[in-house]
Amino acid sequence: MRSRQLFFAILIFILASPSTATELAVRPYSFDAGPPGGSIDRFSTALTPADIYTTERGFGWTSTAGVPFTRPKERSGTLRDDMTSDGIAAGTLGFRINLPPGEWWFTCWLDVGYEDSATTQLSINGEPYPVVWHHLKPDEEGRTSLSGVYRVIHLPCTLRAPGLSFALRGVRDSVRFLGCTFIPARPDSSPETWKFGRLLAETGRYKSAVSCDAFARRLHNELLDDPTDSRLFYWRQQLSFLAEAERLQQMEGWEWATQLTGVSIFERMHQALMLLDANIENFPHEGNPLLERARWLRGKICYDLVLERGGDYQDRVGRADLAWLFRRYPDDRPLAMLNGVLVESPDPSDYLPLPGNPPRWAVLQREAIHRLKTEIDWWVHKRQSANGELGGKIDDDVEILRTWIPMLLFGDEATILGWKRLADAVWVNPRVYKGFSKLVRDVEHSAEFISDSTPELLLVDEDSTYLRRLTFTADYFEHLWSARNAFGRRFFKSSWLGATGIDERPPRNRDVEMNSRALKPLRYLAWATRDDRYVRLTDEWAQAWVSAALRTDKGKPAGIVPASMRAYDEALNGDEPTWYEPNMLWDYYAWSERCGTAILDHLIFTYDLTGDDSLLLPVELTLRLVHKQLEARKDLTRGSFEAGSESWVAQHLIRNPAFWSTVQNWRIRSGKNSFDSLIARNSTPYVRYRLTGAERALEEGFDQLLQTLRHNTPLRTDMVVHTDRVRIPGIDHLKAMIAGDGTPEGNSPYFAVSWRETNEHLAMLVRNSTDSLLSVSVFNFNPQKKSIVMRPWRLAPGRYLLELNTAAGKTAASVVISRPGEHVRVALEPEELTEVLLRRIP
């Protein structure tokens with residue numbers, strides 16, 4: 001290997017030395033690499049493996065011939081053009097062209113290949129040339145196929161003697177060379193002295209309305225008349241990079257874009273970044289008229305990618321770009337928001353009238369409902385497409401519904417309309433079969449199609465459409481994904497699954513907490529129908545995990561849910577040496593991410609369904625462990641402890657909000673009060689109210705929610721790219737007050753009540769709910785009477801007394817609850833608080 005590298009170095013040195021070779025003219029040169037007969041760029045010369053350098057030709061390879069390749073899939077998917085649809089691959093590639101001395105722009109196109117962070121080395125005229133390569137965040141499961149993305153390296157060269165030779169050496173991957181250009185950087189190529197100079201300057205400004213694509217096309221047509229014009233050639237090339245980056249960025253996550261391009265939103269955004277770097281990196285910024293526009297695009301794409309999937313390099317680059325622009329435009333509101341400034345925009349929610357004498361919690365809730373409804377209305381009436389998508393990738397679109405759940409429970413018609421449209425779009429999506437991914441994927445990304453879009457629609461399902469869609473989950477679980485093992489317990493056989501199969505290759509062949517996401521439709525089925533089969537399947541998985549939680553293998557404390565279980569032999573966390581670190585490719589499978597809370601939630605839900613008190617033992621043992629550690633150490637929020645120890649476990653649980661939400665649900669469902677002092681110190685505002693009756697807790701619960709909703713609305717609406725990153729902290733508080741359920745993400749149905757025929761001028765508070773009693777306060781801000789529908793979900797069938805108490809007096813009527821979700825009509829007096837009580841008649 002060393003002898004070959006030495007040979008090439010000597011050869012390049014010889015060819016770079018002064019000779020009798022004829023100098024080429026000062027004009028642009030473009031070379032399109034690929035196989036003989038391949039597609040050739042309109043302004044380029046074909047470069048095949050046979051084109052070895054000769055002095056007569058004046059250009060060619062100075063290394064042994066590489067192997068030609070083509071990218072037909074990317075070409076048909078509109079990601080590649082003649083220049084980038086084929087190329088030549090080799091471990092090392094050398095090239096020489098007899099350029100005259102002077103200033104030149106050198107640009108080359110290279111496939112990303114298998115490297116998200118390039119290790120390719122560039123040398124020019126025998127000297128190493130440091131290149132700023134854009135580093136992409138690798139996928140969690142690693143790269144197993146060639147990337148569809150190509151890089152563009154654009155840099156200046158000063159030739160003090162005739163001839164330019166460059167060499168590209170692959171270090172960890174081959175060099176996949178697509179083509180290159182050499183363009184004179186002559187003084188008369190500056191934009192100021194050009195007929196398009198003023199337009200070019202306007203084009204490159206932040207927020208410019210000039211179309212880069214139209215501009216590049218015009219320069220292309222001009223270039224047809226004179227292909228030797230360096231200025232036309234250069235700015236056509238640079239504008240084309242910017243235009244293509246904008247085209248890809250504007251596709252966002254729409255399904256049509258994935259279908260037409262054949263690649264995901266992430267590859268499209270990565271490609272845009274590579275093209276934008278060709279207008280930003282590896283050359284001085286001074287005098288670059290396209291810099292503002294390029295840095296805006298790159299900064300926003302990086303911001304969105306980091307929000308979606310992290311990435312240290314994108315984080316650093318995006319912050320720098322957006323900060324640079326904000327310094328230039330300090331009064332720009334979008335830039336301010338993207339730089340972390342809270343921006344408040346006046347809107348009608350600021351001027352809501354306050355009739356009557358409403359309690360403070362009602363005033364705050366009405367504002368929250370009004371603001372949230374305004375945002376949802378934007379998504380449904382302005383953003384949502386005819387086929388139901390929201391434009392952020394349909395399997396991410398469904399995650400925005402987690403913030404819509406309060407308004408679904410509230411009975412908002414726009415929310416119901418938009419939710420159903422999206423659920424229907426998911427159901428007919430070609431990547432989905434009967435709710436789940438057709439392809440086997442990790443459980444979160446396979447299950448989110450249906451689990452985030454459909455179960456809650458049982459609350460508004462008038463004809464069983466959505467109920468029927470959930471039934472396939474039971475079939476998948478019973479016959480495809482899980483099995484009873486030799487111990488008689490039912491575990492998932494894998495955490496990589498789909499509608500057509502599972503992947504039982506280690507380390508995927510284990511049951512994990514995240515599999516609870518796949519069973520969310522089953523839990524809703526069991527809750528809505530109480531069908532024996534659905535209840536049995538729900539209970540079988542719960543019983544299996546209770547047995548796992550009670551074990552103490554590998555130093556696991558009793559009651560703590562382990563990170564994973566291997567189904568066939570019940571090996572706790574498989575062959576891993578610890579009980580808490582599964583090493584299953586995705587970080588979120590680690591115990592420390594969710595601390596077993598989704599399994600505990602499944603146990604509590606199943607207890608609520610079956611009344612089996614033994615299912616609560618893991619919850620109670622976990623609480624005892626936390627209580628014991630707090631008694632011994634007082635403060636577990638500081639310091640570090642041995643991983644896997646009881647103190648380490650307690651520290652993680654104390655810091656985990658989802659754990660406390662789950663515990664609070666246990667408290668409300670079971671009625672057990674032995675840990676009330678511990679729960680009170682860590683409870684949500686709603687549960688604190690339920691335990692103490694202090695309405696001040698309800699008011700404090702709106703602090704975080706309203707702080708979010710009052711500021712930076714565009715970051716949750718028209719500036720959004722990745723819809724699964726629309727997050728509204730505190731939204732669970734609103735859901736809890738409206739429906740009596742404060743559990744995060746609605747993983748299991750614990751709703752006491754939902755509503756229909758409401759409007760945004762109402763506020764409600766579920767004060768108490770059991771299987772025989774429902775107590776709710778409703779304030780009607782409307783200036784007229786309002787008749788609404790209340791749908792109790794927890795009340796057992798039977799005869800009930802409906803009492804309505806207002807300042808004017810009390811009315812009572814008998815109603816019959818024949819099924820969960822029975823429609824009960826309630827008449828509200830204008831501008832008054834009505835206390836609604838449904839109490840079972842013995």
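The values are calculated or read from the model by the stated rules, or taken from the named source; none is laboratory data. None of the values given here were measured: they were computed from a predicted structure. Every residue, glycine among them, receives a Cβ derived from its backbone with ideal geometry; neighbour counts consider all protein chains shown. We work out accessible area using only protein heavy atoms, side chains counted, and drop any ligands, DNA or RNA first. Shrake-Rupley method; radii C 1.70, N 1.55, O 1.52, S 1.80 Å.
Laid out as a table, the results:
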item: Given (1) open to solvent by 20 Å² or more (accessible area, probe 1.4 Å); (2) within 30 Å of Leu698 (Cα to Cα); (3) modelled with pLDDT of 95 or more; (4) in contact with a helix residue (DSSP H, G or I) (Cβ under 7 Å, 6 or more places away or on another chain), number of the condition Leu354 does not satisfy; result: (3)
item: Matching residues in region 694-732 - criterion: being under 16 Å from the mean Cα position of the chain (by Cα) and in a helix (DSSP H, G or I); result: Leu715, Arg716, Thr723, Asp724, Arg725
item: Tally, over region 123-153, of residues that are part of a strand (DSSP E or B) and surrounded by fewer than 22 Cβ atoms within 10 Å (Cβ to Cβ); result: 5
item: Some residue of region 529-546 being basic (Lys, Arg) and under 22 Å from Gly671 (Cβ atoms); result: yes
item: Residue within region 804-825 that is assigned to a loop (DSSP other than H, G, I, E, B) and on the phi > 0 side of the Ramachandran plot present; result: yes
item: Selection count where residues are out of contact with any Pro (no Cβ under 8 Å at 6 or more places or on another chain) and farther than 30 Å from Arg767 by Cα, scope region 623-679; result: 23
item: Of all residues making up region 462-482, the number that are open to solvent by 30 Å² or more (accessible area, probe 1.4 Å) and either free of Cβ contacts under 8 Å to residues at least 12 places away in the same chain or among the polar types (S, T, N, Q) (or both); result: 8
item: Subset tally (residues that are in a helix (DSSP H, G or I), charged (D, E, K, R), open to solvent by 70 Å² or more (accessible area, probe 1.4 Å) and modelled with pLDDT of 95 or more) for region 193-224; result: 4
item: Residue satisfying all of: in region 75-91; out of contact with any Gly (no Cβ under 6 Å at 6 or more places or on another chain) and among the charged types (D, E, K, R); surrounded by the fewest Cβ atoms within 10 Å (Cβ to Cβ) among these; result: Asp81
item: Matching residues in region 5-34 - criterion: being assigned to a loop (DSSP other than H, G, I, E, B), modelled with pLDDT of 60 or more and open to solvent by 30 Å² or more (accessible area, probe 1.4 Å); result: Thr22, Glu23, Leu24, Ala25, Val26, Arg27
item: Hits in region 256-269 - residues which are assigned to a helix (DSSP H, G or I) and either at positive phi or open to solvent by 20 Å² or more (accessible area, probe 1.4 Å) (or both); result: Trp256, Thr258, Gln259, Leu260, Phe266, Glu267
item: Every pair of residues 6+ apart whose Cβ atoms lie under 6 Å, when the first sits in region 152-177 and is under 16 Å from Glu127 (Cβ atoms) while the second is hydroxyl-bearing (Ser, Thr, Tyr); result: Ala167/Ser123; Leu168/Thr120; Arg169/Thr92
item: Residues being of a type in the set (D, E, K, R) and either farther than 24 Å from Phe751 by Cβ or in a loop (DSSP other than H, G, I, E, B) (or both) - total across region 826-842; result: 3
item: Residue within region 236-253 that is part of a loop (DSSP other than H, G, I, E, B) and over 30 Å from Ala185 (Cα atoms) present; result: yes
item: Selection count, region 225-234, where residues are part of a helix (DSSP H, G or I) and in contact with a helix residue (DSSP H, G or I) (Cβ under 7 Å, 6 or more places away or on another chain); result: 5
item: Residue count for region 301-359, restricted to those that are assigned to a helix (DSSP H, G or I) and acidic (Asp, Glu); result: 6
item: Residue within region 518-534 that is of a type in the set (Gly, Ala, Ser), modelled with pLDDT of 95 or more and closer than 26 Å to Tyr589 by Cα present; result: yes
item: Close pairs (8 angstrom Cβ cut-off, 6 or more residues apart or separate chains): closer than 21 Å to Leu630 by Cβ in region 679-702, polar (S, T, N, Q) and open to solvent by 40 Å² or more (accessible area, probe 1.4 Å) anywhere; result: Ala680/Thr692
item: Region 740-799: number of residues that are assigned to a loop (DSSP other than H, G, I, E, B) and basic (Lys, Arg); result: 2
item: Residue within region 279-292 that is in a helix (DSSP H, G or I) and open to solvent by 20 Å² or more (accessible area, probe 1.4 Å) present; result: yes
item: Ala736 being within 27 Å of Thr622 (Cα to Cα), out of contact with any His (no Cβ under 6 Å at 6 or more places or on another chain), in contact (Cβ under 8 Å) with a residue 40 or more places away in the chain and buried (at least 23 other Cβ atoms within 10 Å of the Cβ); result: yes
item: Residue in region 537-555 that is in a loop (DSSP other than H, G, I, E, B) and either within 23 Å of Pro749 (Cα to Cα) or modelled with pLDDT of 95 or more (or both) present; result: yes
item: Of all residues in region 390-405 being in contact with a strand residue (DSSP E or B) (Cβ under 9 Å, 6 or more places away or on another chain) and among the charged types (D, E, K, R), the one that is surrounded by the fewest Cβ atoms within 10 Å (Cβ to Cβ); result: Glu399
